[in-house]
Amino acid sequence: MMNSILALAATAQVLFLGSLAFTTDPYSYSRSCYSRSRVKSAPNRRSNLLRSQPNDEDPTQIGGDLVTYLARIDKQWGLAKRNEIGDWQVLELKGNEQQDGSDIVYLLEPASGASPSCVIFFLGGAVLGQFPHIAYSEFLKRLAVRMGAAVVAIPYEVGLDHFSIAQKGVKLMKSALIECEDVRGYSSSIPKYNVGHSLGGKLHSIGMAATGIGEDIAGCGMISYNNFGFAQTIQMARAFANELQVSKNPRFGEGGPMPFDALFDLASNAINAVGLEFSPSPDQTDQIISKKFDENMLQKTRLFSFQDDELDSTGRFVDCFPSGATEVSLLPGSHLTPVFLRLGVDDFPEEARDMASQASGGFQNISFGDEDLLDQLVDEVSNWMLGKPPTRRADFSTSVAGLIDAEVITD
């Protein structure tokens with residue numbers, strides 16, 4: 001019984017992301033490829049993150065339709081086994097042998113074949129962070145091109161124990177860096193940056209505070225930093241999911257409305273009954289950050305906040321420190337601005353096109369995101385990495401329960 005309650009509560013936390021299945025796009029667009037090549041791989045071995053087979057009939061499948069769809073895309077690109085310079089590769093890390101197989105990260109190297117000018121370690125948000133090479137590919141590719149950077153995208157599964165997830169993320173960062181320096185010839189002196197979106201920002205902050213790796217990082221960029229409590233996440237997810245279902249994604253309304261309200265009510269009751277909370281909790285996270293982020297670390301840190309983002313906890317992070325200690329870039333957009341997907345059936349390998357058509361409900365083109373807003377984000381993040389101040393600063397005059405009321409200051 002307890003396992004069922006936990007699964008249901010965890011599902012409700014992230015189910016609203018499952019309602020973000022993609023809208024149809026009647027327009028043409030440029031071809032974009034994802035590739036996978038094995039580095040130090042063993043035959044027939046896959047990460048436990050990729051080996052799972054999502055079950056469309058399982059109501060407790062965390063992430064719902066979104067995870068299922070991303071997993072199908074990931075599987076088919078894996079079957080394609082392309083190995084083109086400038087595309088994603090699966091880096092299978094040695095020395096991390098576990099019962100469920102070896103650990104992996106996704107590596108994106110400069111398309112020119114030149115040595116990278118820096119390395120970016122990326123952690124995505126809940127659910128989307130399980131497939132960073134798909135959900136964040138456009139953002140990371142554009143940032144990599146702008147900076148001449150290599151990107152190490154670290155996948156993770158959603159869970160309540162954020163401390164353990166953060167610790168494993170640091171472990172994978174270190175292992176990937178050793179692999180890149182010893183095998184691929186990266187210079188040990190090139191700058192390293194942490195960049196995270198939403199929960200990924202919290203995970204980076206915990207990892208840096210708990211392990212001391214912040215001393216070796218040139219900068220930490222947190223986009224739409226999120227430090228919600230579990231119950232607060234459920235409440236926000238309810239409103240967000242219902243809004244998307246009714247007004248933005250009519251495909252999910254076919255055959256009657258989805259029982260979001262009933263699911264969230266049941267999940268909220270479960271949380272109240274068993275006292276579920278993330279570890280560390282929001283208050284504990286604030287305490288860790290306020291104690292471990294010194295002046296040097298804060299000077300390396302930039303937060304990026306969007307004007308229409310109700311899932312943002314940037315104000316809460318800012319409140320952990322004296323006024324003016326942190327810099328925040330304010331941008332147009334929403335919580336999912338870093339996510340931009342635009343795929344057509346023709347972009348898949350020929351042998352995978354029938355599956356892709358079925359997965360997209362028969363639509364030939366699928367898209368999600370705003371390209372103009374994405375490019376503004378890429379500009380702002382790359383400018384920060386080059387040492388430039390925020391284009392538009394946000395002075396967080398008040399913050400209530402993690403939500404923000406920002407006064408915009410334009411330079």
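Some points to look at:
- Convex hull per residue volume in Å³, alpha carbons only, for segment 163-211: 75
- Each peptide among 151-163, 277-289, 180-192 gets the average number of other Cβ atoms lying within 10 Å of its residues, and from highest to lowest they stand as 151-163, 277-289, 180-192.
- Per-residue Cβ neighbour counts within 10 Å put Thr391, Thr314 in the sequence Thr391, Thr314, beginning with the fewest.
- Here the Karplus relation 6.51 cos²θ - 1.76 cosθ + 1.60, evaluated at θ = phi - 60°, turns the backbone of segment 291-308 into coupling constants of 7, 9, 8, 8, 4, 4, 5, 5, 5, 8, 9, 10, 9, 10, 10, 9, 5, 10 Hz, with x for every Gly and Pro.
- Burial ranking of peptide ranges 118-125, 335-342 (average Cβ count within 10 Å, highest at the top): 118-125, 335-342
- The overall shape of segment 124-193 is oblate: from the C-alpha gyration tensor, with semi-axes ordered a ≥ b ≥ c, the ratio a/c is 1.5 or greater and a/b is no larger than b/c.
- Our estimate of slack between Glu295 and Ser334, defined as 0.36 nm per intervening residue step minus the Cα-Cα distance, is 11.1 nm.
- For the residue pairs Lys141/Lys291; Lys174/Lys202; Lys174/Lys300, alpha carbon separations beyond 23 Å are given by Lys141/Lys291.
Any read-out appearing in this document is the output of simple, stated calculations on the displayed coordinates, not a laboratory observation. If you're wondering where the values come from, they're calculated on a predicted model, not measured in any experiment. All Cβ positions, even for glycine, are placed from backbone atoms using ideal geometry, and neighbour counts span all protein chains on display.
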